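Beneath this line is the structure, given in structure tokens, with notes to follow.
The values are calculated or read from the model by the stated rules, or taken from the named source; none is laboratory data. These numbers were taken from a predicted model, which means no experiment stands behind them. Glycine gets a Cβ as well: all are built from the backbone with ideal geometry, and neighbour counts include every protein chain shown.
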Amino acid sequence: MSEAPSGNQVTSTPRRALVVAALFGGLAGWLLAVTTAALDLVPPSIPWSAPVGLIVVGALVGALARSTHQQIQVRRERMEPSRAVAFLVLGKASALGGALVAGGYLGYALSFVASLDAEGPRERVVRSFVAIVGGIGLMVAGLLLERACRVPQDDDEERGTRRPEEL
């Protein structure tokens with residue numbers, strides 16, 4: 001039987017939360033396109049800076065995740081607790097934000113799939129799909145950073161034995 005986490009233990013971001021964030025983002029993206037069409041407005045175009053920015057931020061969070069993993073998991077160095085908590089929060093926020101943004105761009109893109117023969121909708125769909133890739137990359141990088149912040153278990157603790165100096 002598994003125990004519930006104690007009050008001072010942080011659990012990893014549940015997959016359900018990521019799915020819910022993506023669904024809410026998809027709904028918001030779809031509603032944006034539908035609302036602009038209902039009001040006879042031109043749907044907003046997506047500048048290249050949006051998907052490129054997502055990819056750059058995802059790459060930076062991924063690099064931070066790799067560096068943190070090397071420090072904590074591989075070299076077994078201590079990290080200042082406040083810094084580790086900040087990285088953990090950044091990882092959780094990146095994972096949820098990436099899922100939300102990817103879902104939003106997916107919902108927005110799907111509303112234009114029926115009219116791909118025109119240049120404007122085709123451009124929105126292409127840029128949206130690049131942004132979706134960037135959002136998924138940010139989500140994955142956030143999950144990796146969150147995982148890198150885990151405190152490694154001692155080999156002796158895992159086996160249930162103690163070292164001679166602890167006896």
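Got at least one residue in segment 108-125 being of a type in the set (D, E, K, R), surrounded by 16 or more Cβ atoms within 10 Å (Cβ to Cβ) and either touching a strand residue (DSSP E or B) at 6+ places or on another chain (Cβ under 6 Å) or modelled with pLDDT of 95 or more (or both)? No - not one qualifying residue is present in segment 108-125. If the condition is being farther than 12 Å from ARG150 by Cα and touching a residue at least 24 places away in the same chain (Cβ under 8 Å), then segment 61-83 contributes VAL61, GLY62, LEU64, ARG66.
Against the test of being in contact with a Ser or Thr (Cβ under 6 Å, 6 or more places away or on another chain), surrounded by 14 or more Cβ atoms within 10 Å (Cβ to Cβ) and in contact (Cβ under 8 Å) with a residue 24 or more places away in the chain, the options ALA33, ALA50, ALA28, ALA21 yield a single qualifying residue, ALA33. Does SER115 satisfy the criteria of being among the small types (Gly, Ala, Ser) and free of Cβ contacts under 8 Å to residues at least 40 places away in the same chain? Answer is yes for this residue.
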